[in-house]
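Laboratory data are not the source of any read-out in this text; all were calculated from the coordinates shown. None of the values given here were measured: they were computed from a predicted structure. Cβ placement follows ideal geometry from the backbone for every residue including glycine, while neighbour counts extend to all protein chains displayed.
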Amino acid sequence: MYGEGYPFTVQANVAVLDGKVVGICGVAKHPEWGLFFSDFKEELRPYLSSVTIWRGIKDAMRYVERYAGPLVSQASSVEGCMNLNRLGFSHLHGVWYGWLKQSHS
């Protein structure tokens, strides 16, 4: 979304505002683990707490639930920590969170 392309396979949902991608949330497949990530442009900030955006984030959890192997996420703010807890991630250390639930598919 910003600058250079991501070197790993990504499954993600995007937020579009006025025909432009302004947010992304999903899982990147690193060679050793999965990484749950999100990123957004400032234009999306007023809508981050909206039901529509939260539904998109919750929908992106299907990528987490289907991921085979260890999966981690790193929070970059207090809100990020709260949201990772809300989504069911477990606090590992510092800003690192892990997905410890098993897939039911």
*Find out how many positive minus negative residues lie around I53, taking Lys and Arg as positive, Asp and Glu as negative, among other residues whose Cβ is under 12 Å from that of I53.*
+2
*Nearest 20 debye, what's the magnitude of the dipole of the range 24-105 about its Cα centre given +1 on Lys and Arg Cβ and -1 on Asp and Glu Cβ?*
240
_Most fluctuating residue given options G26, G34, G88, as computed from a GNM of the chain linking Cα atoms under 10 Å_ = G88
*Among Y47, A68, V22, which residue has its Cα positioned farthest towards the positive end of the charge dipole of the range 9-71, with +1 placed on the Cβ of Lys and Arg, -1 on the Cβ of Asp and Glu, and the dipole taken about the Cα centre?*
A68
_Run the simple label-point estimate for A68 and V16 please: 7 Å along Cα→C-beta, distance reported in nm._
3.2
_Given all pairs of different Cα atoms, what value in angstroms does the Kirkwood hydrodynamic radius of the chain take?_
14.3
